[in-house]
Each structure stands twice: as C-alpha cells, then as structure tokens.
Amino acid sequence: MPSVTAHLSPVEAARRLGVSVRALRLYERHGLVAPLRTSAGWRVYGPDEITRLHQVLTLKGLGLPLSRIGELIEGRLSSLDAVLALQEDVLVLRKTQADRALAAVRSARRRLRCGEQLSLDDLTNLTRETTMIETVGDEHWPEAFKPLWEKHMSADERHELQARKMGALESFGGDQEAVAAAWYDLIRDANAEMAKGDPGSPEAAALVRRWKVLQDAFTGGDPDLTVKTRAVWQEALTDPATAPQLPMTKALWDFVGEASRRLKASEAA
C-alpha cells in the first residue's frame, strides 16, 4: 500500500491545489477522482490522482457541471494533454482579452491626464472592453419567450429538456447564479471575438468548442434537443419584443454559427 509520506494527504492536496478538503470529497462522490488508501485506510493522492484533479479543476473553471466533467474525462478529454490543449486555447483567448482591456484603460488614462474628455462612444467602448456582462437568470426573460418552447418542442421534449437542465443545475450545487455566470462568461468572450471580426481564427474555434461543451451539459448532447433549442433561440433573437431582453444579440448568434461552420469544415478537411 502507498505510504502517506510518498503521497499527499487530503489536507496537503487541497492546500496545494487551492481547494477545500470538502471539494475533494465532492469530486470523489461524483466518481471524478478515486484517492488511494494507506494500509491504515487513510486517503492519499499520488501523481495519477493529482493529474485527474487537474483535469477536473480545469473543466470546472470553464463553468462545466460535474456530471458533464465526468463524461468528458472518461471520453474525448481523458488524457491530460487533451485537457491542457483546451486550457491553452482558453488562456490564450483570455490573455488577448486582458491585453486589449489593459490597453483601453491605459489609453483612457493618458487622454484624461492630457485634459481630454471621453465621449459617450469612448465610455461605452471602454465599458465593453473592461467589464463583464451583468448576469441575470431565466426569470428576467420576457414571457413571450415561453411560447417558443411550446411551438418548437412537444410536451415530452420540454419535459426531457427540463429534466436535463435540473440535472445540470444540481451539478452546479443548485446555484442558478453559477450556471448564469458560466454562460455569461462565455458570451462575454464571444463578444470579444466578434469584435475582432474573424470567425475563422483559432480563438474563435476554441470559443466554439467551449460553447458546445457547455451546451451539451444542458441538452445531454441529444441532437434533436440541440436542433430544437437552437430553433427557439433563433426565433427569439429575431423577435423585436424578445430580442432586447436576451443575453446575446442576433449578430453574436450568427458569428458563433459561422465560427462553428468553419471549425467543422477545417476538421473535415
């Protein structure tokens, strides 16, 4: 059996990874990591277990529910390199956004020091570059959105989608704000990519991959539910009464769609 001195105890593993021991137990209950046991029955974490925890924490940092993380690390993201590749894509995108935001702030400060006044356009651009979109829950969307589900989905399909959503929500600890934050982080990043204007860029491709992973967490990857959910959003985004209150614009929707088409074409080539 492994010795405690050759491996990390739960307390030491949690300290080094920046999480709580309670979080380690939660990941264990979800089957995401299986700590080793000493001859005395104590939990310990070796290199393989720490590798798995890196995978879990990386995907969790992208806003994914634990149930979906489990599917991914048992499937196409089972290797550490695959997870690191996804993490690299996200970090490059975030660095680009942070660099652009920092440049915008520095430019604004230089102009203020020179006695200039920032115009309304300057202020709105600065806000867009440097702040996160305010998160709101589904309850803030207009009632006009609801009939679209009935139009595009049968009662059984709506029930199935709701069940999947509740399962995803439970994986977020029942925290609706955490679910909203995951989507709004993604939408914020998508807006930043759209502003650059290149749906065929590597950054746009990385964004599409993130979008699909989070989307699949709520549809279970079911192709019919995915197609019908997209149809609902497509119609909602073109409805003058509904669109202004949704968390994304039709332009953004179209940009992500084009980026997705280009990614599929490149992968098929």
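Every read-out reported here was derived from the displayed coordinates using simple, explicitly stated rules and does not represent laboratory data. The shown structure was predicted, so the numbers you read here are calculated from the model rather than taken from an experiment. Using ideal geometry, Cβ is built from the backbone for each residue, glycine included, and neighbour counts are taken over all protein chains shown.
Gain in length, residue 51 to residue 251, computed as 0.36 nm per residue apart minus the alpha-carbon separation, to one decimal in nm? Spell out each step's value before the answer.
Details: separation 200, 0.36 × 200 = 72.00 nm, distance 3.95 nm.
The residue 51-residue 251 span can extend by a further 68.1 nm.
Between residue 26 and residue 126, how high is the FRET efficiency from 1/(1 + (r/R0)^6) when r is the Cβ-Cβ distance and R₀ = 35 Å? Nearest 0.05. Before the final figure, lay out the partial values.
Values: r = 40 Å, r/R0 = 1.13.
With R0 = 35 Å, the Cβ-Cβ based efficiency is 0.30.
How would you classify the range 176-269 from its alpha-carbon gyration tensor, with a ≥ b ≥ c the square roots of the eigenvalues: rounded for a/c under 1.5, else prolate if a/b is greater than b/c, otherwise oblate?
Numbers: a/c = 1.38, a/b = 1.22, b/c = 1.14.
Rounded, because the longest to shortest axis ratio a/c is under 1.5.
So how much slack lies between residue 98 and residue 163, counting 0.36 nm per residue of separation and subtracting their Cα-Cα distance, in nm? It would help to have the intermediate numbers written out before the result.
On the way: separation 65, 0.36 × 65 = 23.40 nm, distance 3.71 nm.
Taking residue 98 through residue 163 to full extension adds about 19.7 nm, to one decimal.
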